[in-house]
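Encoded as structure tokens, the structure appears first; notes follow it.
Rule-based calculations on the coordinates, nothing more; no lab input. These numbers were taken from a predicted model, which means no experiment stands behind them. Cβ: placed from backbone, ideal geometry, glycine included. Neighbour counts: every protein chain shown.
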């Protein structure tokens with residue numbers, strides 16, 4: 001069957017994709033150090049393994065979801081299919097991805113148990129997957145907060161309700177006291193003048 005497999009080769013964890021998944025993801029196998037594995041869980045519902053927004057790959061809900069997804073905490077690589085449990089491998093920040101979510105051809109629980117035995121340093125504080133950090137609480141923003149006094153706003157962060165857009169105040173003060181025709185473009189001013197002249201000719 002055309003389903004991905006999770007293998008351990010030497011000191012690396014390898015996600016070997018099928019040829020269909022390789023074509024859909026536009027990349028080959030994914031390889032990360034086995035020492036970067038922090039937690040291994042099994043998600044019975046495939047759609048719960050998807051986090052963030054799709055960046056690269058093919059996303060057909062109910063058929064196939066394979067590729068890279070982005071979120072404030074980093075990026076995930078997923079290769080999931082409906083109707084199959086998903087092996088979720090959480091990785092440390094040193095790895096290229098934060099999570100590997102793969103629907104495997106073998107027994108998902110057996111695959112997860114094998115990875116737990118082979119991973120040298122697992123986080124056993126909780127058997128559940130950890131939630132995504134909010135944008136203000138990522139490691140980078142905390143470092144910026146300690147250095148500059150306030151975190152830098154990320155592109156995906158919207159302005160809070162009631163917060164003014166940058167530069168809106170001075171522009172509004174500049175335009176205050178002027179009529180609309182004074183701040184309109186030359187084309188609108190010309191049309192307004194023609195309309196006034198036309199009204200004078202019709203109603204002398």
message: Starting from the 7 Å offset along Cα-to-Cβ, what nm value, one decimal, do you get for the label separation of residue 126 and residue 109?
response: 2.3 nm
- prompt: residue 2 to residue 55: FRET efficiency via 1/(1 + (r/R0)^6), r the Cβ-Cβ distance, R0 25 Å, to the nearest 0.05?
  reply: 0.65
- request: Report the label-to-label distance for residue 48 and residue 26 in nanometres (one decimal), using points 7 Å from each Cα along the Cα→Cβ vector.
  value: 3.2 nm
- prompt: Ranked by Cβ crowding within 10 angstrom, fewest neighbours first, how are 126, 22 ordered?
  reply: 126, 22
- prompt: Between residue 9 and residue 195, 0.36 nm times their residue separation minus their Cα-Cα distance comes to what?
  reply: 59.0 nm
message: I need 109, 21, 90 ordered by Cβ neighbour count within 10 Å, fewest first.
response: 109, 90, 21
- prompt: What ranking do 116, 129 get, fewest neighbouring Cβ atoms within 10 angstrom at the top?
  reply: 116, 129
